[in-house]
Amino acid sequence: MVLLGMKCSLIVDQLLCKIASVRRPQKAGVWKRRAVALLWFCLMSTGQSVQAASSDAVSAFLGHWEVDFSASEHPNDKLRYLYEVTLSDHRRRLASGQNRMGESPFQAMEDLRGLVNLGRLAEQITRTSVLEIRQFDETLTVTRDDNFSLRCDLVGQVQREGLGASDCRIKDQELLFELKLPGDVVITHRLILSQRRDRLSMATSIFAGGVSQPFTVNRVYQPFTPAETGFACEYHLGKGKVCQLGTGK
């Protein structure tokens, strides 16, 4: 639990540093409250409900998975693409007079700023390079390196608290986690197994009120067997995947 708390604090601290540059104090305050809410969910690690699923459906996800960088999206690349698409869409509507509910240039700029903030948050919660999916009794846990774990109570009920609610569902080869946070923010993690069960796609989407579209990052993972010794790899911005010879514990 202490390690989980440290990881959560690191995520939110970095997020708050990055959004400190938001020009409008009111907007910065909103995103700070959202970051605190995210930290609360990390530390609580509430049990999440799932509708009855067969043991085969659950066991297919179990094991160790490492990211395939060549098949995965990077948040910065996705942000540049969505920013250009959203900016072009606003320019087209403003030029043609096809505004939604009297949209103004100021509202369009706020939408773009909101999209940038979603991208910064997505960068923090999708940087995981290794997953370990385990089942203990009726609890399914997705442990993510350098991030907080996702937990699912296979027989529980939806947890609804004063600060939000969490839920999860398993259907066929799909596992969905959903976190509903204050400030009209919803974060979903959708894990989908390939037909051959040799690839695991994890699509993380962030929805927020006041932002015209969600921000989604797709990461692809492949199974691997941990070794006591071998190469330990990490992903660094600007350097990509960097590996070094590890030592057994």
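Worth a mention:
- Restricting the stretch 228-249 to residues that are part of a loop (DSSP other than H, G, I, E, B) and closer than 17 Å to His64 by Cβ, the residue that is modelled with the highest pLDDT: Glu228
- Residue in the stretch 97-113 that is surrounded by fewer than 13 Cβ atoms within 10 Å (Cβ to Cβ), within 27 Å of Val217 (Cβ to Cβ), charged (D, E, K, R) and modelled with pLDDT under 90 present: yes
- Residue that is surrounded by the fewest Cβ atoms within 10 Å (Cβ to Cβ), among those in the stretch 129-157 that are in a loop (DSSP other than H, G, I, E, B) and more than 15 Å from the chain's Cα centre (by Cα): Asp137
- Condition check for Ile192: β-branched (Val, Ile, Thr), more than 14 Å from the chain's Cα centre (by Cα) and either closer than 21 Å to Ile125 by Cβ or at pLDDT 85 or above (or both): yes
- Consider the stretch 174-189 and keep the residues that are within 17 Å of Val220 (Cβ to Cβ) and over 13 Å from the mean Cα position of the chain (by Cα). The one that is surrounded by the fewest Cβ atoms within 10 Å (Cβ to Cβ) is Glu174.
- Hey, Asp77 modelled with pLDDT of 85 or more and loosely packed, with under 12 Cβ neighbours inside 10 Å or not: yes
- Only one of the numbered conditions (1) surrounded by 14 or more Cβ atoms within 10 Å (Cβ to Cβ); (2) modelled with pLDDT under 90; (3) polar (S, T, N, Q) is not met by Ser21, and that is (1).
- Of all the listed residues (Phe69, Phe106, Phe61), the sole one being within 17 Å of Ser212 (Cβ to Cβ) and aromatic (Phe, Trp, Tyr) is Phe106.
- From Leu87, Leu39, Leu43, Leu62, residue being modelled with pLDDT of 80 or more and either surrounded by 18 or more Cβ atoms within 10 Å (Cβ to Cβ) or touching a helix residue (DSSP H, G or I) at 6+ places or on another chain (Cβ under 8 Å) (or both): Leu87
- Cβ-Cβ distances below 6 Å connect the following pairs, each with a first residue in the stretch 158-177 that is under 15 Å from Ala203 (Cβ atoms), a second residue that is modelled with pLDDT under 85, and a separation of six or more residues or different chains: Cys168/Gln48; Cys168/Val50; Arg169/Val50; Arg169/Gln51.
- Each residue in the stretch 192-227 was checked for being among the aliphatic types (A, V, I, L, M), free of Cβ contacts under 8 Å to residues at least 60 places away in the same chain and either farther than 24 Å from Tyr83 by Cα or not in a strand (DSSP E or B) (or both), and 2 pass.
- The C-beta contact set for the stretch 113-137 (first residue under 12 Å from Leu79 (Cβ atoms) and in contact (Cβ under 8 Å) with a residue 24 or more places away in the chain, second residue aromatic (Phe, Trp, Tyr) and not in a loop (DSSP other than H, G, I, E, B), distance under 6 angstrom, 6+ apart or interchain) comprises Asn117/Trp31; Leu118/Phe215; Gly119/Phe215; Ala122/Phe215.
- Take the conditions (1) surrounded by 14 or more Cβ atoms within 10 Å (Cβ to Cβ); (2) in a helix (DSSP H, G or I); Arg92 misses just one of them, which is (1).
- Scan the stretch 151-185 for residues that are of a type outside the set (Asp, Glu), at pLDDT 90 or above and within 18 Å of Phe61 (Cβ to Cβ) and the total you get is 3.
The values are calculated or read from the model by the stated rules, or taken from the named source; none is laboratory data. Not measured: the values here are computed from a predicted model. Here the Cβ is made from the backbone with ideal geometry for all residues, glycine too, and neighbour counts use every protein chain on show.
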